[in-house]
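What follows is a short report on a single structure.
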Amino acid sequence: MSDEHIDEISGVSTTGHEWDGIRELNNPLPRWWVVTFYITIVWAIGYTIAYPAWPLLHSATKGVLGYSSRSEVKSELTAAEAAKGKYVAAVESKGVSEIAADDALREFAVAAGGAAFKVNCVQCHGSGAQGSKGFPNLNDDDWLWGGKAEQIQQTITHGIRFASDPETRLSEMPAFGDIITADQITQVSAYVASLSGKIQDASLIEPGAKVFAENCVACHGDNAKGNRELGAPDLTDAIWLYGSGEAAIAAQVRAPKQGVMPAWGGRLGETKVKELAVYVHSLGGGE
Amino acid sequence: MLDNTQVERLDAEAVNSAKVRQPMYAARKKIFPKRASGSFRRFKWLVMAITLGIYYLTPWLRWDRGPFAPDQAVLLDLANRRFYFFFIEIWPQEFYYVAGLLVMAGVGLFLITSTVGRAWCGYTCPQTVWVDLFLVVERAIEGDRNARMKLDAGPWTARKLMLRVSKHAIWLVIGAATGGAWIFYFADAPTLFGDLFTGTAAPVAYVTVAVLTATTYTFGGLMREQVCTYMCPWPRIQAAMLDENSLTVTYNDWRGEPRSRHAKKVQAAGQSVGDCVDCNACVAVCPMGIDIRDGQQLECITCALCIDACDGVMDKLGRERGLISYATLSDYNANMMLATAGGSSSVNPSLIRTADGLFSDKVAHFHIRKIFRPRTYVYMGLWSLIGLGLLYSLLTRDRLEVNVLHDRNPQFVTLSDGSIRNGYTVKLLNMIPEPRTIVVTIQGLQGADMSVVGDDIPAGRSFAIPVEPDRLKMLKVFVRQPADQIHGTAQTFKFRVEDKASFESDEYTATFNAPETAR
């Protein structure tokens with residue numbers, strides 16, 4: 001492209017590129033545009049001096065302003081901590097019932113507790129706290145150890161049947177397979193199933209009631225309504241942790257499954273546990 | 001009456017004329033627009049006063065909305081996400097009104113352009129208005145065209161320095177005032193005005209003022225016509241918007257050519273001359289630095305100042321005004337055909353005139369009828385349709401709304417008595433600046449009742465709750481239905497909200513889920 005070609009119509013030289021007879025005019029850029037372009041270059045040089053930019057062998061230049069995205073995150077986190085400081089202080093100093101009664105505090109605790117729940121509790125209780133077989137649903141109004149905010153706090157702090165916490169909630173239903181006969185188990189299972197309205201073989205209910213009176217009332221009570229002091233479930237309601245129906249009840253009488261919940265007090269600290277308690281209390285079954 | 005030769009010939013040359021077509025991009029040639037006077041100039045002063053007045057004064061207008069809403073007539077409250085426009089208050093979800101207005105502005109621009117060309121560019125575009133304002137300052141300080149050219153060409157003296165510094169200083173002040181006015185649309189103007197000068201306004205306010213000062217100063221003072229020529233897309237779009245019946249600023253060469261500075265001499269030699277005396281007045285006043293006599297061109301913003309300049313010269317010469325005029329391409333073409341005897345000769349002024357020197361009857365003139373043609377009917381129809389639609393929607397819009405979000409996880413909860421509970425997040429929107437008591441009722445769903453988390457409202461099928469003015473109230477509502485009343489795994493029912501005082505109401509159809517075993 002040594003010989004310069006001038007376009008006849010515009011009188012402008014061309015770049016020498018040609019496609020099927022069409023040539024590209026070589027117009028200069030507007031001066032202000034070029035100036036802006038140079039300014040951006042100068043800006044870019046200044047920017048790479050001011051901010052971390054040039055990669056070195058094992059690190060990169062730090063920039064004279066000392067900026068780093070990590071320190072920015074840190075300062076943002078500090079600011080966020082400071083912003084919720086007064087709520088955290090209030091949660092620390094107040095009891096869970098008090099927190100639950102205060103609109104702003106409850107909102108804060110439910111948000112904070114909800115986040116903690118997603119990290120620590122969903123593995124067993126499910127992401128909606130809906131539970132599953134053997135793991136209680138926390139949305140409902142059936143509580144083994146009590147549904148008041150303080151009772152929930154106690155359960156979370158010390159766990160259930162958690163051997164290494166001396167204050168853990170403890171209950172142990174004996175394996176009645178070794179104590180009563182198979183027939184008696186069938187009878188008592190039929191009786192218990194009938195308590196929540198499941199129609200059973202009527203001939204089993206009366207002997208079943210007798211077996212119940214002899215073996216079960218100590219914990220589950222005369223009316224089978226359970227006992228929260230002992231963590232004994234209400235056998236007359238519609239909620240069954242290990243499944244409803246005669247067969248599931250019989251299996252639980254013969255060789256009870258007993259879930260374990262860890263004590264979270266030491267691991268999460270009192271404030272976080274309070275937030276969790278308020279969150280669980282807010283799910284709809286709180287008393 | 002003056003003779004042709006007595007009209008002062010101005011030493012002006014178009015920076016981009018047919019003879020000297022400059023490269024498309026090059027260093028800017030300075031333009032020193034001469035002050036024009038005439039009816040279009042007067043009209044432009046008026047438009048300038050109105051548009052600048054609207055821009056600077058609007059934020060200071062007050063509008064009483066009662067104790068629970070700001071009293072600024074036009075306010076974009078970004079922090080609270082509300083837009084106030086006199087009696088209208090817009091929430092973010094109603095932003096389609098603004099979108100509709102923008103569509104109307106677009107269609108309006110098409111309508112205006114198809115009838116009177118780039119009237120937006122020539123009269124009301126902020127770039128044009130502010131450049132005009134900056135030119136007023138420039139003329140006041142440095143003088144009109146000739147004085148400015150002389151000053152620019154002259155050496156740097158103390159006087160030149162003083163003039164230049166004061167000009168740029170005033171431009172910067174105008175720029176700052178422009179940026180300053182902008183931020184008043186986003187906060188209470190009197191409060192912000194005070195804060196701005198005591199240094200207590202938000203940093204974003206200062207940054208905005210700084211940025212807008214810089215852009216106003218650069219675009220209005222330094223770049224001027226380059227913004228229109230190089231940066232603005234509208235000159236390109238308008239080529240597609242104009243048609244042969246659009247009015248646009250036109251040099252009527254069918255009566256102007258052949259132009260001559262020495263008409264009498266030429267006439268004496270037996271040649272015909274047109275009305276154009278080649279005085280360059282049209283070029284001298286042009287803020288874009290073009291020569292309208294080269295025909296329609298991209299740079300022309302149709303500010304019509306060349307019409308004023310030319311009409312002034314024609315008046316002095318005792319000839320008809322309108323050598324440069326608003327004309328349509330179809331009229332222009334018809335007259336051109338007439339003047340060139342159907343295109344067979346070059347322009348011959350005698351063909352368009354009668355023996356006594358008046359225009360022949362065959363000369364086409366603009367008729368108002370041309371504005372009304374199918375194309376403009378479509379634009380007008382579309383514009384009115386959108387406008388009426390928006391108006392209807394505005395007059396019938398709800399100021400009380402309910403939105404409901406059904407809990408998905410868990411979808412339902414079985415309670416100890418066997419009844420089924422569903423959770424809902426109910427959002428009550430009180431969209432007026434008055435506190436209200438809203439009654440929430442469930443309709444359908446036999447035997448069901450509601451309870452609200454955190455509120456001591458007894459379970460029931462209806463409850464009343466106060467909602468703050470202009471606020472959204474979010475409630476967590478549990479709906480419970482006894483096992484024996486459940487019909488199906490997904491029943492529909494309604495949340496109804498009502499303001500008993502104003503009889504406004506809204507409904508939301510929700511679903512109630514239940515397990516298959518519940519019945």
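The values are calculated or read from the model by the stated rules, or taken from the named source; none is laboratory data. It should be emphasised that the depicted structure is a prediction, and the values quoted were computed from it without experimental measurement. Here Cβ is always computed from backbone atoms with ideal geometry, including for glycine, and neighbour counts include all displayed protein chains.
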- Query: Restricting attention to the stretch B:390-429, and to residues there that are hydroxyl-bearing (Ser, Thr, Tyr) and assigned to a loop (DSSP other than H, G, I, E, B), which single residue is nearest to the chain's Cα centre (by Cα)?
  - Reply: B:Thr396
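In this structure, is A:Ala50 more than 14 Å from chain B (Cβ to nearest Cβ) and touching a Leu at 6+ places or on another chain (Cβ under 7 Å)? First the steps, then the outcome.
Working: more than 14 Å from chain B (Cβ to nearest Cβ): yes; touching a Leu at 6+ places or on another chain (Cβ under 7 Å): yes.
For A:Ala50, the condition - more than 14 Å from chain B (Cβ to nearest Cβ) and touching a Leu at 6+ places or on another chain (Cβ under 7 Å) - is met.
Residues of the stretch A:12-26 being of a type in the set (Gly, Ala, Ser) and more than 14 Å from every other protein chain (Cβ to nearest Cβ), which ones? Reasoning before the result, please.
Of all residues in the stretch A:12-26, those of a type in the set (Gly, Ala, Ser) come to A:13, A:16, A:21.
Correct list: A:Gly16, A:Gly21.
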- Which residue pairs have Cβ atoms closer than 9 Å, lie 6 or more positions apart in sequence or on different chains, and pair a first residue in the stretch B:221-238 that is more than 10 Å from chain A (Cβ to nearest Cβ) and in contact (Cβ under 8 Å) with a residue 60 or more places away in the chain with a second residue that is assigned to a helix (DSSP H, G or I) and among the acidic types (Asp, Glu)? B:Gly221/B:Glu138
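Which of the residues spanning the stretch A:85-96 are in a helix (DSSP H, G or I), surrounded by 15 or more Cβ atoms within 10 Å (Cβ to Cβ) and of a type outside the set (A, V, I, L, M, F, W, C)?
Going residue by residue through the stretch A:85-96, those that are in a helix (DSSP H, G or I) are A:85-93, A:96.
Filter again for surrounded by 15 or more Cβ atoms within 10 Å (Cβ to Cβ), leaving A:87-88, A:90-91, A:96.
If the condition is that a residue be in a helix (DSSP H, G or I), surrounded by 15 or more Cβ atoms within 10 Å (Cβ to Cβ) and of a type outside the set (A, V, I, L, M, F, W, C), then A:Tyr87 is the only one that fits.
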- Query: Across the stretch A:85-101, what is the number of residues that are farther than 12 Å from A:Ala149 by Cβ and either at pLDDT 95 or above or within 14 Å of another protein chain (Cβ to nearest Cβ) (or both)?
  - Reply: 0
- Message: Looking only at the stretch A:106-130, filter to residues that are in contact (Cβ under 8 Å) with a residue 24 or more places away in the chain and within 13 Å of chain B (Cβ to nearest Cβ); which one of those is nearest to B:Gly423 (Cα to Cα)?
- Response: A:Ala129
- Can you name every residue in the stretch B:406-433 that is among the aliphatic types (A, V, I, L, M), within 14 Å of another protein chain (Cβ to nearest Cβ) and in contact with a Ser or Thr (Cβ under 9 Å, 6 or more places away or on another chain)? B:Ile420
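Given the options A:Leu29, A:Leu65, A:Leu77, name the one that is part of a loop (DSSP other than H, G, I, E, B) and away from chain B (no Cβ under 14 Å). Working first, answer last.
Details: A:Leu29 fails: away from chain B (no Cβ under 14 Å); A:Leu77 fails: part of a loop (DSSP other than H, G, I, E, B).
It is A:Leu65.
Where in the stretch B:209-283 are the helices (runs of 4 or more DSSP H), entirely inside, with at least 3 residues that are hydrophobic (A, V, I, L, M, F, W, C)? Let's see the steps before the verdict.
On the way: elements: B:234-241, B:253-256, B:263-268.
In the stretch B:209-283, B:234-241, B:263-268 are the helices (runs of 4 or more DSSP H) which contain 3 or more residues that are hydrophobic (A, V, I, L, M, F, W, C).
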- Note on the structure: Within the stretch B:452-505, of all residues that are out of contact with any strand residue (DSSP E or B) (no Cβ under 9 Å at 6 or more places or on another chain) and either more than 29 Å from B:Ser416 (Cβ to Cβ) or within 14 Å of chain A (Cβ to nearest Cβ) (or both), the one surrounded by the most Cβ atoms within 10 Å (Cβ to Cβ) is B:Asp484
- Are any residues in the stretch B:251-305 more than 30 Å from B:Thr113 (Cβ to Cβ), touching a residue at least 12 places away in the same chain (Cβ under 8 Å), surrounded by fewer than 22 Cβ atoms within 10 Å (Cβ to Cβ) and among the small types (Gly, Ala, Ser), and if so, which ones? B:Ser260, B:Ser272
